[in-house]
Amino acid sequence: MKEALPIEAVTLALDVGTRTIGIAVAERGIVLPVCTLARQSVVKDCARIVDLCAMRSVGVVVVGLPYELDGTETRSARLARQVGQAVAATGMPVHYQDERFSTVEALSRLGEAGVYGDRRKAAVDQIAAVVILEEWLKGRRPGS
């Protein structure tokens, strides 16, 4: 059984890519995009993520794992897991969420909102993190 989180719990989600990390946060039941970090190294990325967690009083981090359609882990999923393991090593609780279609959903949402070009490129990773977090939270609701 999945543990239900209190609505007060602040949760941070990561959409880890090879060049960027999209970040979203859920606070008081509302999921919002936060920022996109340019990738450096796992150690430096982890330090910046932990700093964000401290600034926002985050209690849980959710890392998206981009599996293949058949459920196998991609190279990108292994990279995301490395970032998640580095964050977990600091004592922060880390959970993983299947995010196979988060970027597709993010692009769809941005298109529906009329966001294109450079603005779309800048926002897509953050919105993908929003999608990851929404799906993870939905799986934590009683009865799901």
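The values are calculated or read from the model by the stated rules, or taken from the named source; none is laboratory data. Remember, predicted model here, so these are calculated numbers, not experimental data. Cβ: placed from backbone, ideal geometry, glycine included. Neighbour counts: every protein chain shown.
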**Request:** Could you tell me which of the residues PRO142, PRO93 is at pLDDT 90 or above and over 12 Å from the mean Cα position of the chain (by Cα)?
**Result:** PRO93
**Request:** Output the residue which, of all residues in region 61-98 that are more than 13 Å from ALA13 (Cα to Cα), among the hydroxyl-bearing types (Ser, Thr, Tyr) and in contact with a strand residue (DSSP E or B) (Cβ under 7 Å, 6 or more places away or on another chain), is surrounded by the fewest Cβ atoms within 10 Å (Cβ to Cβ).
**Result:** THR74
**Asked** What number goes with the only condition from (1) under 19 Å from LEU137 (Cβ atoms); (2) among the charged types (D, E, K, R); (3) surrounded by 12 or more Cβ atoms within 10 Å (Cβ to Cβ) that ARG39 does not pass?
**Response** (1)
**Fill in**
The lone condition ASP15 fails out of (1) out of contact with any helix residue (DSSP H, G or I) (no Cβ under 6 Å at 6 or more places or on another chain); (2) assigned to a strand (DSSP E or B); (3) charged (D, E, K, R) is (1)
**Request:** Could you please let me know if VAL131 is more than 11 Å from the chain's Cα centre (by Cα) and of a type in the set (Val, Ile, Thr)?
**Result:** no
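Could you check region 109-119 and list, in sequence order, the residues that are assigned to a loop (DSSP other than H, G, I, E, B) and either surrounded by 14 or more Cβ atoms within 10 Å (Cβ to Cβ) or within 18 Å of the chain's Cα centre (by Cα) (or both)?
From region 109-119, those assigned to a loop (DSSP other than H, G, I, E, B) are 113-116; that's our starting set.
Residue satisfying the conditions is VAL115 alone.
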**Asked** Would you say ALA122 is more than 10 Å from the chain's Cα centre (by Cα), hydrophobic (A, V, I, L, M, F, W, C) and not in a loop (DSSP other than H, G, I, E, B)?
**Response** yes
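Being crowded, with 18+ Cβ neighbours inside 10 Å, not in a loop (DSSP other than H, G, I, E, B) and not aromatic (Phe, Trp, Tyr): is that true of ALA106 here? Outline the logic, then answer.
Details: crowded, with 18+ Cβ neighbours inside 10 Å: yes; not in a loop (DSSP other than H, G, I, E, B): yes; not aromatic (Phe, Trp, Tyr): yes.
Taking the combined requirement at face value, the residue satisfies it.
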